[in-house]
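What follows is one structure encoded as structure tokens, with my remarks underneath.
The values are calculated or read from the model by the stated rules, or taken from the named source; none is laboratory data. Worth saying up front: this structure is predicted, and the values here are computed from it rather than measured. Note: ideal-geometry Cβ built from the backbone for every residue, glycine included; neighbour counts use all protein chains shown. Remember, those area values only see protein heavy atoms, side chains included, never the ligands or the DNA or RNA. Shrake-Rupley method; radii C 1.70, N 1.55, O 1.52, S 1.80 Å.
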Amino acid sequence: MKRSMSRAAWVVAVVLAGCGVMPAQGGFELVTGKPFDSAFVKDFYLEGNSIPTEKRNAALVRTPAGARVEFALLDTSGYSSQIQQKYSGMVISEGDVSVGGVKLGVGSFGFGTKMPHPPGNTDGHLLLYDQAGKQIGECTAKRDPAAKAPRPLQVTVSGGRARLYLGVYGVELQ
């Protein structure tokens, strides 16, 4: 009985990996492949503007409760300086998620950053906005000195825990 249970768990893990879902054993899961491509949002609406997203700088995760959450950077070139200075990315959530301690429910949100230039040993800040542009929260984005070859946006999942990274700066997802 015990042997068939472990074999069944192995089969489930193989099937999920083939479907683009990386199992996180009761925690967050990174969604890739066809499920990511199907869910990816090409344009995002904020403050009356439809702003293109950057697929190469996007990530989709499934929360421990099963909700999907998408993060992506926005291509604000060609938009007003106010939009360019305020927003760098977006979040779409199908359920409750905490980004750096800021609780988000179901909905869509923009985010901006205040990062040190050039990057040094100090932390940055992530600012979260509702779709109308009202700031709903701010959190510290901790500089990760161990980040090697950082990407503009990535989500890492390890041991069921997830972190959103913007370059070398990261925040915990819960």
query: Got a number for carbon plus sulfur as a percent of the stretch 125-165's accessible area, 1.4 Å probe?
result: 49 percent
statement: Per the Kirkwood formula over distinct C-alpha pairs, the hydrodynamic radius of the stretch 104-145 in angstrom is 11.3 Å
Spatial extent of the stretch 91-174: Rg and Dmax, with the Cα atoms as the point set, Å: 12.8, 36
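How many Lys pairs in the chain lie less than 16 angstrom apart by Cα atoms, where the lysines are 8 or more positions apart or on different chains? If you can, show how the numbers build up before the last one.
Details: Lys34/Lys42; Lys34/Lys55; Lys42/Lys55; Lys86/Lys114; Lys86/Lys134; Lys103/Lys134; Lys114/Lys142.
Step by step, the pairs that qualify in the chain add up to 7.
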task: Would you mind computing, in nm to one decimal, how far apart the modelled labels at Ala147 and Lys55 are, each placed 7 Å from Cα along Cα→Cβ?
output: 2.5 nm
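With a probe of 1.4 Å, find how much accessible area the chain has per residue, and write the answer as a whole number in Å².
55 Å²
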Three principal axis lengths of the stretch 33-146 [C-alpha, angstrom, descending]: 37, 33, 27
Rough spin-label spacing in nm, given labels placed 7 Å along Cα→Cβ, for Gln82 and Thr122: 2.8 nm
statement: Nearest 10, in degrees from 0 to 90: the angle of helix 2-18 to the longest Cα principal axis of the chain is 40 degrees
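When the convex hull of the Cα atoms of the stretch 126-174 is projected onto a plane and the area is averaged over all directions, what value comes out in nm²?
Details: hull surface 16.0 nm².
Approximately 4.0 nm², given one-decimal rounding.
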query: For all pairs of alpha-carbon atoms in the stretch 47-99, what percent lies in each bin of width 10 Å, listed from the first bin to the last filled one?
result: 23, 44, 27, 6
